[in-house]
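Note sheet for the following structure.
Just so it is clear, none of the values below were taken in a lab; they were calculated from the coordinates. Because the structure is predicted, anything quoted here is derived from the model rather than measured. When we count neighbours, we look across all protein chains shown, and the Cβ atoms used for this are built from the backbone with ideal geometry, even at glycine.
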Amino acid sequence: MKKFHFAVASMALSVAFTGCKGGDESKKAERPAPKQLGQAPAAAAPAPALAAKPAPAPSVAIPANATKIDIEGTDMMKFNLSEIKVPAGKPVAITLKHAGKQPKNIMGHNLVILKAGVDMAAFATAAMGAQSEGYVPKSQADNVIAATKVIGGGESDTIVFDAPAAGEYDFLCSFPGHYAMMKGKFIVE
Ligand code: CU
């Protein structure tokens, strides 16, 4: 008789249980207690002097008998006058006002009156690089009757000079690139 012997091997299963780590990863973020900041000095902003803005006094004295001319330049690169007429033999006071808001390095304007026979394009070209001189270079002084400084939005400048001999003269803004749009006739009669 054959005996079938069944040996049952029992497998020992060893199960290693890993201790379940508690989610106790304590946050060790030990933030340093915020140091007490020394009290910021009270912003002792000096009360702005309520200096009433004095009415923009013209930079020059205007003779009583002067012919007064007001002309405006705009952010649209334009003068509001294309012609200025003045009588001969009298002083002239021209006030250039910048009616726009752009600063003078972006949309600056001046007003330059050229002597008779001076080529406007040549003058404007010579003036282009003369930023430090208000775009009226000393090298061109002999070609100019009168010129304002360069102004930006909200500013103004007044010049006083004697009207030259009767005739037609050119005026322009000599800020680079402006004279094609900003020019006109200064007529003395
Ligand atoms: Cu201009």
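Of note:
- For region 97-187, the relative contact order is 41 percent, taking Cα pairs closer than 8 Å that sit 6 or more residues apart in sequence and dividing their mean separation by the residue count.
- All other residues whose Cβ lies under 11 angstrom from that of Glu168 are scored, Lys and Arg at +1 and Asp and Glu at -1, for a net of -1.
- In this structure, the amide hydrogen of Gly153, modeled 1.01 Å from its nitrogen in the peptide plane, lies closer than 5 angstrom to those of Gln102, Lys104, counting only residues at least 5 positions away or on a different chain.
- The charge dipole of region 76-189, taken about the Cα centre with unit charges on the Cβ atoms of Lys, Arg (+1) and Asp, Glu (-1), comes to about 320 debye, rounded to the nearest 20.
- Label point distance in nm, Asp70-Asn105, each placed 7 Å from Cα along Cα→Cβ: 3.1
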